[in-house]
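A short write-up of the structure that comes next.
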Amino acid sequence: MSGMPTMVIPAPAILGMLGGGQLGRYFVMAAHELGYQVWVLDPDADSPAGRIADRHLCADYSDEAALAELARGCAAVTTEFENVPAETLAILAESVPVRPSAAAVSVCQDRIAEKTFLKVHGLPHGPFVEIASLEDLRNAPSHLFPGILKAARLGYDGKGQAVVDDRAAAESAWVSLGSVRCILEAKLPLDYEISVVLARGQDGAVRAFPSAENRHRNGILDVSIVPAWGSVCLADTACEVAEKLAGCLNYVGTLGVEFFVSRGQLVVNEMAPRPHNSGHYTLDACGTNQFQQQVRALCGLPLGDAHAHSSAVMINLLGDLWFENNQEREPDWNTLLAIPGLCLHLYGKQSPRIGRKMGHFTIIGADSKQVYEHALKARTILGMPDA
Ligand code: ADP
Ligand code: MG
């Protein structure tokens, strides 16, 4: 515990949310459940969260008038995505509590700052080097090849990165990435990937949700399995590392920490200063979900119980499912919804696009094997490839 005094914001205060995507939408719902109002700032006129917010400020994240309005109207502000300019958070923080802080978000939004932070705090991470020029690439240690070259900023869902087998491939990839500041990481042999979503309160109290095993397809999260199938000991260590990390960041809010398990060793991959896609299962399998924890941490309320009452498998629904032979179609919800324990979530997005996250479903139940079998059946019904 940090022993910091807690500032309680009672409902029906107005809370500010930077970003109007599906994560923001669930925040709005969680805040509404607890009697709060939410103003959403998002430049998209038709954003999933903006649609259900009490007020949608349709403006850019650096729009000074909109930021001033938000700061004037809201009792506290939080974010649903890490690419809000840290400057925006800093401006808001001058007149309204912002949680997580601009400092914490700026660590998570820059892959070099992120990995350096892990290194400085003695947290497990893979080998990496900063690449700001071709010269840096030429001097990069050879043990980083084969590697992954990633733009330091603004990457997500596998975008802004390239696998590079050798130095020559890295040089052309660096140019293709726009010759921007990059990180070169060694390409680790992955046993599997897990994540920990936790919430940390203003008083330093932490509640970690059970860790999830995550499988990706085309760089986008496809499946999360809870409890993670791998070693229980590693899953517990992952929770401890995530808690330590949150403490080092002096973090307030919901935090997602992605891990690799590589040759039996746990390595932090990246952090998300917000609820995480792999924590969506908490909406249906936990007493308190990751969005309600975000509201509670923001408002200085006690964090809720993070234990899972059920096993769960979460599957993302991408826009791809709305197309067959280039024709738009509606997925077969009728058959899907007949599956026991299936909870369907759609985000209200108007136009499906290939790779766009349109929704997800979670199957919950007492028996993790049966839950997984039902998940496979659901994938077949929707015409999805095997997990
Ligand atoms: P994003 O922000 O797109 O999620 P990540 O850094 O998490 O970026 O990379 C996406 C995926 O690429 C990871 O989940 C993992 O499967 C793979 N990956 C990324 N970095 C490495 C690495 N250093 N070694 C092996 N695989 C990696
Ligand atoms: Mg990732």
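The values are calculated or read from the model by the stated rules, or taken from the named source; none is laboratory data. Remember, predicted model here, so these are calculated numbers, not experimental data. In this analysis, Cβ positions are derived from the backbone assuming ideal geometry, glycine residues included, and neighbour counts consider all displayed protein chains. To get the accessible areas, we keep the full protein, side chains included, count just its heavy atoms, and leave off ligands, DNA and RNA. Shrake-Rupley method; radii C 1.70, N 1.55, O 1.52, S 1.80 Å.
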Give just the number: which of (1) under 23 Å from Y251 (Cβ atoms); (2) assigned to a helix (DSSP H, G or I); (3) under 24 Å from the mean Cα position of the chain (by Cα); (4) not acidic (D, E) does Y61 not satisfy?
(2)
Take the range 3-42 and flag every residue that is of a type in the set (D, E) and closer than 14 Å to Q294 by Cα.
E33
How do the pairs read when you match residues in the range 162-179 that are more than 9 Å from F145 (Cβ to Cβ) with residues anywhere that are open to solvent by 50 Å² or more (accessible area, probe 1.4 Å) and part of a loop (DSSP other than H, G, I, E, B), using Cβ under 8 Å and keeping only pairs 6 or more apart or on different chains?
V163/P146; V163/K187
Among the residues of the range 159-181, are any away from ligand 2 (no atom under 13 Å from the Cβ), in contact with a Gly (Cβ under 6 Å, 6 or more places away or on another chain) and under 20 Å from M314 (Cα atoms)?
no
In the range 101-130, how many residues are part of a loop (DSSP other than H, G, I, E, B) and either closer than 17 Å to L188 by Cα or in contact (Cβ under 8 Å) with a residue 40 or more places away in the chain (or both)?
9
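Residue check: is R353 on the phi > 0 side of the Ramachandran plot, among the charged types (D, E, K, R) and open to solvent by 10 Å² or more (accessible area, probe 1.4 Å)?
no
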Could you tell me whether the range 131-154 includes any residue that is closer than 23 Å to F81 by Cβ, open to solvent by 30 Å² or more (accessible area, probe 1.4 Å), within 11 Å of ligand 1 (Cβ to nearest atom) and part of a loop (DSSP other than H, G, I, E, B)?
yes
Here's a check for you: in the range 189-211, which residue that is in a loop (DSSP other than H, G, I, E, B) and out of contact with any Pro (no Cβ under 9 Å at 6 or more places or on another chain) is surrounded by the most Cβ atoms within 10 Å (Cβ to Cβ)?
F209
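Collect the residues in the range 264-273 that are within 9 Å of ligand 2 (Cβ to nearest atom) and not charged (D, E, K, R), keeping them in residue-number order. Quick ask: steps written out before the conclusion?
As a first pass, look at the range 264-273 and keep what is within 9 Å of ligand 2 (Cβ to nearest atom): 269-270, 272.
Scanning the range 264-273 gives N269, A272.
When you look at N277, is it over 23 Å from P189 (Cβ atoms), open to solvent by 10 Å² or more (accessible area, probe 1.4 Å) and within 14 Å of ligand 2 (Cβ to nearest atom), yes or no?
yes
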Within the range 325-374, which residues are among the acidic types (D, E) and in contact (Cβ under 8 Å) with a residue 24 or more places away in the chain?
E328, D332, D367
For the structure I just gave you, tell me whether S142 is over 25 Å from Q265 (Cα atoms) and hydroxyl-bearing (S, T, Y).
no
Residue identified as surrounded by 20 or more Cβ atoms within 10 Å (Cβ to Cβ) and within 16 Å of ligand 2 (Cβ to nearest atom) among V295, V261:
V261
How many residues of the range 45-98 are touching a residue at least 24 places away in the same chain (Cβ under 8 Å), of a type in the set (D, E) and either outside the structural domain of R25 (by TED's automatic domain parsing) or open to solvent by 70 Å² or more (accessible area, probe 1.4 Å) (or both)? The answer is 3
